[in-house]
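Engineer: Submitted below is the structure of interest, expressed as structure tokens.
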Amino acid sequence: MAEDDDLDLNSLDDDELVKQMHDDLYDGLKEEIEESVHILLNRNWTPYRVLTEALVEGMRIVGIDFRDGILFVPEVLLAANAMKGGMFILRPLLVETGAPKLGTMVIGTVKGDIHDIGKNLVSMMMEGAGFEVIDLGINNPVEKYLAALEEHKPDILGMSALLTTTMPYMKVVIDTMKEKGIRDDYVVLVGGAPLNEAFADAVGADAYCRDAAVAVETAKGFMARRHNQKGAA
Ligand code: B1M
């Protein structure tokens, strides 16, 4: 680490800097991540490119070593904190695109699950695309989703789960919506690393979103269809 203390991040070319960011994310170095994000933006990288190539890719590498027992929860928490530092800088840039308002989404991570980085990314990208987003945070029981639907009357309900043990909870939420006769009032989109399309079908969601960009495109598609249906009625 000592040699890194003197490293002038500005002196690195883009490829070297992105590689360094992957290392810094791995080491949970929030200030270095923040500085590097600024450097890339000053070099005219788009916020989305910084997000995907530097931050998300760095977190993917962290995930592999977490899985393999090389990194543990405290280190991964530091990495997550560094990632959030970078996202905090990018957020206003991704959100202020001046896009016309397309609709409203309530989103939250399901009960038992405290992973929120992916959900936060989805929220940011959806806001950037013109959606109003009500973010319920983590560890949401069905009652919290239902209360938010009642209060905000969104077009879309988004649910996130990162654990194989928590993803079945999405079905609890959707089944409860069916019992209350409100399932078809909303487009239900689900996402999270362990999910797939078959799972989304099985729990009765409208679509699985592989990543934040797909979430935006999927949401836009459903909104366009809704408007067409309303127009035809
Ligand atoms: Co967690 N964790 N974790 N963890 N963690 C995973 C998920 C894991 C795959 C790691 C591994 O083993 N390789 C593994 C799950 C295994 C499994 O279930 N099969 C795991 C485990 C086991 C655990 C604990 C149980 C560990 C323990 O305590 N022993 C524990 C559980 C805590 C709990 O939730 N109850 C735990 C804890 C943690 C930390 C707190 C340390 C930290 C979370 C910090 C935070 O989020 N604030 C953490 C992290 C960071 C991870 C990894 C390394 C990274 C997750 C992440 O942020 N990815 C993760 C490994 C991995 O996923 N490969 C792991 C970056 C993010 C941009 O991607 O979240 O996939 P992702 O989101 C994407 C898409 O999935 C999609 O779009 C996003 C953006 O493109 N998407 C949506 C996500 N949500 C969406 C919602 C939508 C649409 C799209 O709605 C419309």
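Engineer: Count the net charge of all other residues whose Cβ sits under 14 Å from the Cβ of M59, scoring Lys and Arg as +1 and Asp and Glu as -1.
Structural biologist: Here the count lands on -4.
Engineer: Solvent-accessible area per residue for segment 1-71 at a 1.4 Å probe radius, Å²?
Structural biologist: Normalised by residue count, the accessible surface of segment 1-71 is 57 Å².
Engineer: So, taking all protein chains as they sit and a 1.4 Å probe, how much accessible area belongs to H227, in Å² rounded to tens?
Structural biologist: Spelled out: H227, probe radius 1.4 Å, area about 110 Å².
Engineer: Could you rank the peptides 50-56, 75-81 by their average count of other C-beta atoms within 10 Å per residue, with the highest value first?
Structural biologist: 50-56, 75-81
Engineer: Oh, and also: Most mobile of G191, G181, G108 per a Gaussian network model of the chain (Cα springs, under 10 Å)?
Structural biologist: Its mean-square fluctuation being the largest, the pick is G181.
Engineer: Kindly provide the helix-only [θ] at 222 nm of the chain, computed as the sum of -39,500 (n - 2.57) over DSSP H runs of four or more divided by all residues, to the nearest 500 deg cm²/dmol?
Structural biologist: Calculated from helices alone, the mean residue ellipticity at 222 nm is -17000 deg cm²/dmol.
Engineer: Quick one: length gained pulling D65 to R210 fully straight, 0.36 nm per residue minus the C-alpha distance?
Structural biologist: That pair, D65 and R210, stretches by 50.0 nm at full extension.
Engineer: Hey, another quick one. Nothing charged except the Cβ atoms of Lys and Arg (+1) and of Asp and Glu (-1): what's the magnitude of the dipole of the chain about its Cα centre? Round to the nearest 20 debye. Each step should come with its number before you reach the end.
Structural biologist: Numbers: 22 positive and 40 negative charges, 359 e Å.
In debye, rounded to 20, the chain gives about 1720.
Engineer: Per residue of segment 128-133, what does 6.51 cos²θ - 1.76 cosθ + 1.60 with θ = phi - 60° give for ³J(HN,Hα)? Whole Hz please, x for Gly and Pro, Karplus curve as stated.
Structural biologist: x, 7, x, 8, 7, 10
Engineer: Which chymotrypsin sites (Phe, Trp or Tyr not before Pro) does segment 49-127 hold that lie in a coil by DSSP with at most 14 other beta carbons within 10 Å?
Structural biologist: Sparse-neighbourhood loop chymotrypsin sites (Phe, Trp or Tyr not before Pro): F72.
Engineer: Counting only protein heavy atoms and using a 1.4 Å probe, what share of the accessible area of the chain belongs to carbon plus sulfur, as a whole percent?
Structural biologist: 54
Engineer: Rolling a 1.4 angstrom probe over the protein heavy atoms, how many square angstrom per residue are accessible across segment 161-215?
Structural biologist: Averaged over the residues of segment 161-215, the accessible area is 48 Å².
Engineer: Which of rounded, prolate, oblate describes segment 87-146, given a ≥ b ≥ c as roots of the alpha-carbon gyration tensor eigenvalues and a/c under 1.5 marking rounded, otherwise prolate only if a/b is larger than b/c?
Structural biologist: oblate
Engineer: Residues of segment 97-134 with the amide nitrogen closer than 16 Å to a label point 7 Å from the Cα of K153, along Cα-to-Cβ, please.
Structural biologist: Within reach of a label on K153: 103-106, 132.
Engineer: Also, I was wondering about something else. Leaving ligands, DNA and RNA out of it, work out the accessible area of K144 with a 1.4 Å probe and give it in Å² to the nearest 10.
Structural biologist: Surface accessible to solvent at K144 totals approximately 90 Å².
Engineer: Also, quick follow-up: How high is the relative contact order of segment 136-233, in percent, with contacts defined as C-alpha pairs under 8 Å that are six or more residues apart? Working shown, then result.
Structural biologist: Values: 96 pairs, mean separation 23.6, N = 98.
Relative contact order here is 24 percent.
Engineer: Residue by residue, what Karplus-based ³J(HN,Hα) values in Hz, rounded to whole numbers, does segment 13-25 have, using 6.51, -1.76 and 1.60 with θ = phi - 60° and x for Gly and Pro?
Structural biologist: With the stated coefficients, segment 13-25 comes to 6, 4, 4, 5, 5, 5, 4, 4, 5, 4, 5, 5, 5 Hz.
Engineer: What FRET efficiency would be calculated for the residue pair D14, T176, taking the C-beta separation as r and a Förster radius of 45 Å, to the nearest 0.05?
Structural biologist: Taking R0 as 45 Å, the efficiency between D14 and T176 is 0.40.
Engineer: May I pose another question? Over segment 95-139, give the accessible area per residue in Å² for a 1.4 Å probe, as an integer.
Structural biologist: For segment 95-139, the solvent-accessible area averages 40 Å² per residue.
Engineer: Turning to a different aspect of this structure: Do the alpha carbons of any pairs in K153/K180; K153/K178; K144/K180; K84/K220; K171/K220; K19/K119 sit beyond 19 Å of each other, and which pairs?
Structural biologist: The pairs that break the limit, which is 19 Å between Cα atoms, are K84/K220; K171/K220; K19/K119.
Engineer: Skipping prolines and chain starts, which residues have an amide H placed within reach, meaning under 5 Å, of the one on L102, given they are 5 or more residues away or on another chain?
Structural biologist: Amide H to amide H, under 5 Å and 5 or more residues apart or across chains, L102 pairs with F131, E132.
Engineer: Rounded if a/c is under 1.5, else prolate if a/b is larger than b/c, else oblate: which is segment 179-228, with a ≥ b ≥ c the root eigenvalues of its Cα gyration tensor?
Structural biologist: Here segment 179-228 falls in the oblate category.
Engineer: Also, I was wondering about something else. Can you give me the Cα centroid spacing of segment 1-63 and segment 174-233 in angstrom?
Structural biologist: 34
Engineer: Using 0.36 nm times the number of residues separating T165 and R225, minus their current alpha carbon distance, what extension gain do you get?
Structural biologist: 18.3 nm
Engineer: Keeping all protein chains in place and using 1.4 angstrom, which order do Y208, Y186, Y48 fall into by accessible surface area, from largest down?
Structural biologist: Y48, Y208, Y186
Engineer: Do you know the relative contact order of the chain, to the nearest whole percent, from alpha carbon pairs under 8 angstrom that are 6+ apart?
Structural biologist: It comes to 15 percent, rounded to a whole number.
The values are calculated or read from the model by the stated rules, or taken from the named source; none is laboratory data. These figures come from a predicted structure and were not determined experimentally. Cβ sites come from the backbone with ideal geometry, for glycine too, and all protein chains shown count toward neighbours. What goes into the accessible areas is simple: the full protein's heavy atoms, side chains included, and nothing from ligands, DNA or RNA. Shrake-Rupley method; radii C 1.70, N 1.55, O 1.52, S 1.80 Å.
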